[in-house]
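Enquirer: One structure is given below, represented as structure tokens, and several questions about it will come after.
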Amino acid sequence: MSQNNVLKGVFLVALGATTFGMLATFVKMAYSEGFTTAEVTTSQFVLGIIGILLINTFQKIKNKDKVVKKATSKNIFQLMLAGTSLGMTSLFYYLAVKYIPVSIGIVLLMQTVWMGVLLEMILEKKLPSKQKVIAVFIVLIGTALATNIIHADFHLDWRGIMWGICAAASFTTTMFTANRVATEISSAQRSLYMLLGGAVIVFSFALATQTETFNLEIFLKWGIILSLFGTIIPPMLMNAGFPLTGIGLGSIVSALELPVSVTMAFVLLNEKVILLQWVGIALIILAIIIMNINFKTKK
């Protein structure tokens, strides 16, 4: 794999992680208006699927004179099965921030850093490089500082912690599938079938938990934003980027979600962000730079 491809993958994953990092703040704002988790996730996936369908249609028209590899029935089944983890990630993450602050929710989601490296170690049956180990430790230290969990004064609801850890585990699975499953077809096709798989989980959850009349206003107020930043842009970019980076490097780069989430909470939710937190954010960015420099040197 060439250095240019790796750098391209890093850029795509970073951009996908950045957009995904904005989600928790938007979800909190939707919750503040009385919308439920079922309404938030359903609107996100319905409009997300419509958006990805439009992208696929546009690509077909644009590439009508080119031979484009289409997904086989096996590809579709594998991607929909893999997409269930995408649906679970959204559900678990949104349930987490319902019970705990956004800053703690993103900390728990950031456990994908060590989960991703651990998963890569198990799958490839070899110890991670020193660069990855160092980067993981720097990211974890930066995470603790960036969220101010040491000095913050709040009570953590065990339900939020549980859902946050579940979100991290399912997101790690999503990153794995983005790197391994049906990589020979276009990212738009892969995103569509993964979203359809995720929709099965989300719709099942909505049917099981939505006891009141579904508030259709969610589609106009927050659905478009949530679908763009949750189910259209991140999956498209990560499906294109992770095959180029690998799950280990990709999981490090995806740590950009944290500084973005903290910044969004600061700007839109008026959460206080002290100097120590910005130091933590700088450490995470430093870890990403160290990871890329060493990776390129190694290559």
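The values are calculated or read from the model by the stated rules, or taken from the named source; none is laboratory data. Only a predicted model underlies this, so the values are computations on that prediction, with no experimental measurement involved. Here the Cβ is made from the backbone with ideal geometry for all residues, glycine too, and neighbour counts use every protein chain on show. SASA here: full protein model, heavy atoms, side chains in, ligands and nucleic acids out. Shrake-Rupley method; radii C 1.70, N 1.55, O 1.52, S 1.80 Å.
Enquirer: Mean 1/r over all different Cα pairs, inverted: what Kirkwood radius does the range 16-70 give, in Å?
Expert: Numbers: mean 1/r = 0.0732 Å⁻¹.
So the Kirkwood estimate lands at 13.7 Å.
Enquirer: Which helices of the chain meet both criteria: a Cα extent of 30 Å or more along the helical axis and a mean Kyte-Doolittle score no lower than 0.0, with helices taken as whole DSSP H segments?
Expert: Numbers: long enough: 37-62 (37 Å, 0.90); 73-99 (40 Å, 0.64); 158-180 (33 Å, 0.41); 187-209 (32 Å, 1.29); 275-298 (34 Å, 1.62).
The qualifying helices are 37-62, 73-99, 158-180, 187-209, 275-298.
Enquirer: Please quote Rg/Rh for the range 165-205 to two decimal places, taking the Kirkwood radius as Rh and restricting both calculations to Cα atoms.
Expert: Radius of gyration relative to Kirkwood radius: 1.01.
Enquirer: Could you point to the label whose value was computed as volume of the Cα convex hull per residue in Å³ for the structure here, given (i) 173; (ii) 135; (iii) 118?
Expert: Recomputing volume of the Cα convex hull per residue in Å³ here picks out (ii).
Enquirer: Also, quick follow-up: Hey, what does the equivalent ellipsoid look like for the range 39-115, semi-axes from the Cα gyration tensor as sqrt of 5 times each eigenvalue, largest first, whole Å?
Expert: Values: eigenvalues 213, 49, 29 Å².
They are 33, 16, 12 Å, listed largest first.
Enquirer: Where nothing but the Cβ of Lys and Arg (+1) and of Asp and Glu (-1) is charged, how large is the charge dipole of the chain around its Cα centre, in debye to the nearest 20? If you can, show how the numbers build up before the last one.
Expert: Details: 22 positive and 12 negative charges, 274 e Å.
Dipole size: approximately 1320 debye.
Enquirer: P(r) tail for the range 107-150, what percent of Cα pairs lie past 18 Å?
Expert: So the pairs more than 18 Å apart make up 31 percent of the total in the range 107-150.
Enquirer: For the chain, give the percent of accessible area contributed by carbon and sulfur heavy atoms, probe 1.4 Å, rounded to a whole number.
Expert: 68 percent
Enquirer: With +1 assigned to the C-beta of every Lys and Arg and -1 to the C-beta of every Asp and Glu, and no other charges, what is the dipole magnitude of the range 48-101 about the Cα centre in debye, to the nearest 20?
Expert: That gives a dipole near 300 debye.
Enquirer: Also, quick follow-up: What residue among 243, 128, 259 has the largest mean-square fluctuation in a Gaussian network model of the chain, using Cα springs under 10 Å?
Expert: 128
Enquirer: If you put +1 on each Lys and Arg Cβ and -1 on each Asp and Glu Cβ, how big is the dipole of the range 1-156 around its Cα centre, in Debye rounded to 20?
Expert: 880 debye
Enquirer: For residue 141 and residue 157 in the same chain, what is the full-extension length gain: residue separation times 0.36 nm, less their Cα-Cα distance, in nm?
Expert: Roughly 3.5 nm would be gained on extension.
Enquirer: Would you mind calculating the relative contact order of the chain from Cα pairs under 8 angstrom and at least 6 residues apart, reporting the percent as a whole number? Don't skip to the answer; put the middle values down first.
Expert: On the way: 442 pairs, mean separation 128.9, N = 299.
Once divided by the residue count of the chain, the mean separation gives 43 percent.
Enquirer: Of all the Cα-Cα pairs you can form in the range 157-232, what percent are over 18 Å apart?
Expert: Working: 1679 of 2850 pairs.
Result: 59 percent of Cα pairs exceed 18 Å.
Enquirer: With a 1.4 Å probe and every protein chain left in place, tell me how much accessible area residue 29 has, in Å² to the nearest 10.
Expert: 50 Å²
Enquirer: Next question, about the same structure. Points 7 angstrom from Cα along the Cβ direction at residue 125 and residue 56: gap in nanometres?
Expert: 3.7 nm
Enquirer: Would you mind telling me which residue in 191, 261, 129 has the biggest mean-square fluctuation in a Gaussian network model of the chain, where springs connect alpha carbons within a distance under 10 angstrom?
Expert: In this elastic network of the chain, the residue with the biggest mean-square fluctuation among 191, 261, 129 is 129.
Enquirer: Can you give the convex hull volume per residue for the Cα atoms of the range 199-247, as a whole number of Å³?
Expert: 87 Å³
Enquirer: Taking the chain as a Gaussian network, Cα atoms linked when under 10 Å apart, which of 177, 209, 112 shows the biggest mean-square fluctuation?
Expert: Judging by the Gaussian network model, the answer is 209.
Enquirer: Is there a pair in 8/130; 132/272; 221/272 whose C-alpha atoms are over 28 Å apart, and which pairs would that be?
Expert: Result: 132/272 exceed 28 Å.
Enquirer: Let me ask something else. I need the Debye-formula profile for the range 29-173: one equal scatterer per C-alpha, no solvent, reported as log10 I(q)/I(0) at q = 0.13, 0.17, 0.20 1/Å, two decimals.
Expert: Computed log10 I(q)/I(0) values: -0.81, -1.09, -1.21.
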